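Mind having a look at this structure? Questions to follow.
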Amino acid sequence: MQDNQEHLRAVAETIARRAGAVTECEYHGELLTNDCDEQAFALGNKLYDGEFRGVFSSRDEMKRAIQSVINDAAWDCGSCDRNKDD
């Protein structure tokens, strides 16, 4: 069961990244939000019946997974913030 949840999250993250809703800190790899939820949902809906057919049990499940990825992403990289010169 956990493997399936991890797979769904990985696919949702892929969609969010491709839509530009999240990016990765180039130095620390932390996931950062770009506040583009609607673009990610639109891309997910576009790919739902094609590339990601059968991955999610419903579009709602896909949307919740994408939203979770975006919600869990930070606005700023905590590692970069700790290393800034004051």
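Using just the helices of the chain, give the 222 nm mean residue ellipticity in deg cm²/dmol: DSSP H runs with n ≥ 4 each add -39,500 (n - 2.57), and the total is spread over all residues, rounded to 500.
-18000 deg cm²/dmol
Across the chain, how large is the tail of the calculated P(r) beyond 14 Å, expressed as a percent of all Cα pairs?
62
Ok, one more. Among 20-27, 47-54, how do they line up by average Cβ neighbours within 10 Å per residue, starting with the highest?
The densest-packed peptide leads the list: 20-27, 47-54.
Where a number appears in this text, it was derived from the coordinates with a stated rule and is not lab data. This one's a predicted model, so the numbers in the text were calculated from it and none came from an experiment. Cβ: placed from backbone, ideal geometry, glycine included. Neighbour counts: every protein chain shown.
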